């Protein structure tokens, strides 16, 4: 059994220009990892490659020891992917959506039903469990998508800006749910532009700039690296991004 | 914002929307597409010239006969205009897009309603003019300028059809409530469009054997049952044939009906739109929680597809319309028209199955709203596509099974040919959608043709060829094999041009 929930080595992906260039990183099981970076840094591209939604040009991705490029189905069994834009079916109810997701991950029906009901209650969607999603607000849709991601008990949860569109109470609920998953041994990788959230929740933080991991560590390690004792994550992040800005042509 | 400025804005958006649809979003094609459209419109004049009677034949018709013929010709487009306007009106009430922005502005709702209603009337009339225009021009050239009155008459009929559609939709709103009107109105739109044509066809078959609709509508029996000359019933025909007073009356009636509708419904527009928006927030039940079913990934995918298809009001209305079009041949079958009936039923059934499968396959394959979720699931891509294809074929099987069963009772050989044809046409349409799949939102179903013209044409040709092959097979003709081979050859050729194949 691999000690790492996720091990990425020398990952490359190029579209019109390089999006990810030689990125390597490790995330341990039971770890909350925040992946930060300015717009267009390559965060989402990296995570989409991990989730099997994009094929890298080069490099390797291992999920709990399974080679995600050679054996993607095995890797996907352990992963849940929550994109920034919640993609759910308007004409399904949250319960029907969870039933569908559980089916995709072959979760036994009774287990899935119980987990689904609990998740919807926890996320405050109990009263809407049997209403179609077509009239839901963005925040409600985001919570349905999150419930879907968690219904198959993933061991690696990847979230792209999961708190966008959530009110304060919902954001708190989501954070609690994620922390509980981490306590139970799951690894969480989350991108966010809300640096206070990363500062408070993440055990380790990685900063991507221009498709490369330019800084990584605990908040204390990042502070030490940036020479800003007592500095906020925002100050450290801006320093790192500034230092790695592309040279003017 | 003034009504004029809003109308200009709406026109600009509609024009850009039309261009985007016609060019599949490739602006460099705009000139070519517009030139092709103009050429097609010109070519329709040649078709009209070949189909319409010459000057002497028109001159030989008595006034009553001419009015009856024109009324018969107008009946179908008017029914279709009401149907189209009903569909647009439903979208006017239920589609949010920029309506929230407009209704939250200080602009009076009546003005917004008037402009949007005018847009629907214009679009409704434009389609009729596009189809009827060449015939009007040819008749004007052959029989005199009086026929040019048909142009404004069609505009007036478009406005009247829109007004009728709005009131029908509003009546449903009052009758069924906001929650159910969306589905009811879309089904009603399909029925209104198809029912007239189908009803007349069945009546024609019942009373005159296998007569055309036109022959039936202009028959002496129908003529005797219609109001006498001078009745307002003949007003549209009189206006179309150039009677100035009738044309003015028709235009005035259209303007008055439009103004009255705006005056009466306009002030309630925001209330209707709010009720429609509210309906979507309470679209679920609060009954007993159904236990989850044990699913494999494939069965979960199939169940999801069927659930979504069954909850798509537009799709239901379209499927219903296709099934309705099968009613006349089914009626022939019921009345023991024997082999003649089977020769109509088999190709029509196969054609309908192919078209239905194409639409469903697009929804299941390209119109996947949670693509990331499905692609990140631990299921092989091939298994996902297979499950979706099975869902499509299952739905087509369910829709065609009753008629197939009916056919099997009366003509076993024809039923076998139809079954084979339905299978081949559905598989071919699904395969084409697989080869040309592209990512799209389910809501863009109406515009699915724009993603690949080749796929659209191939889908139509495949259905036609399989329908012909099945029809020939029902007759025991060896030509069925040749036609089937032609269909396969066409599919093989199309596959070579499919993006996935070309990229490989």
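What follows draws every value from the coordinates through simple rules; no lab data is involved. These figures come from a predicted structure and were not determined experimentally. Note: ideal-geometry Cβ built from the backbone for every residue, glycine included; neighbour counts use all protein chains shown.
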Distance (nanometres) between label positions extended 7 Å along Cα→Cβ at residue B:20 and residue B:256: 4.1 nm
Segment residue B:12-residue B:490, extension gain: residue separation times 0.36 nm, minus the distance between their alpha carbons: 168.1 nm
Relative contact order (%) - segment A:1-64, alpha-carbon pairs under 8 angstrom, separation at least six: 47 percent
Distance (nanometres) between label positions extended 7 Å along Cα→Cβ at residue B:103 and residue B:39: 4.5 nm
Chain A, helix-only ellipticity at 222 nm - DSSP H runs n ≥ 4, -39,500 (n - 2.57), divided by all residues, nearest 500: -11500 deg cm²/dmol
Relative contact order [Cα under 8 Å, 6+ residues apart], segment A:98-221, whole percent: 20 percent
Fraction of antiparallel bridges per DSSP, chain A only, in percent to nearest 5: 55 percent
Relative packing of peptides B:255-261, A:110-116 - highest average C-beta neighbours within 10 Å first: A:110-116, B:255-261
Per-residue Cβ neighbour rank within 10 angstrom, fewest leading, A:99, A:203, B:28, A:196: B:28, A:196, A:203, A:99
Ranked packing of B:370-377, A:68-75, B:149-156, B:58-65, most packed first, by mean Cβ within 10 Å: B:149-156, B:370-377, A:68-75, B:58-65
Peptide ranges A:49-61, B:35-47 listed from the most packed, as the mean C-beta count within 10 angstrom indicates: A:49-61, B:35-47
Length-normalised contact order for segment B:297-503 - Cα pairs under 8 Å, 6+ apart - percent: 28 percent
Gyration tensor over alpha-carbon atoms, the protein assembly as shown, equivalent ellipsoid semi-axes in Å: 56, 31, 25
Shape category assigned to segment B:297-503 from the gyration tensor of Cα positions, a/c cut at 1.5: prolate
Gain on full stretching of the segment that runs from residue B:171 to residue B:32 - 0.36 nm per residue minus C-alpha separation: 45.6 nm
Calculated FRET value between residue A:153 and residue B:408, using beta carbons and R₀ = 45 Å, to 0.05: 0.35
Label-point separation in nm, residue B:441 to residue B:385, each point 7 Å along Cα→Cβ: 2.7 nm
Test item: A:85-93 mean partner chain Cβ contacts at 10 Å: 6
Antiparallel content of DSSP bridges confined to the protein assembly as shown, in %, to 5: 55 percent
Per-residue mean of C-beta atoms belonging to partner chains within 10 Å, peptide A:148-160: 1
Peptide B:300-312, shielding by other chains (average Cβ, 10 Å cutoff): 4
R0 of 22 Å, Cβ-Cβ distance residue B:57-residue B:146: FRET efficiency to nearest 0.05: 0.85
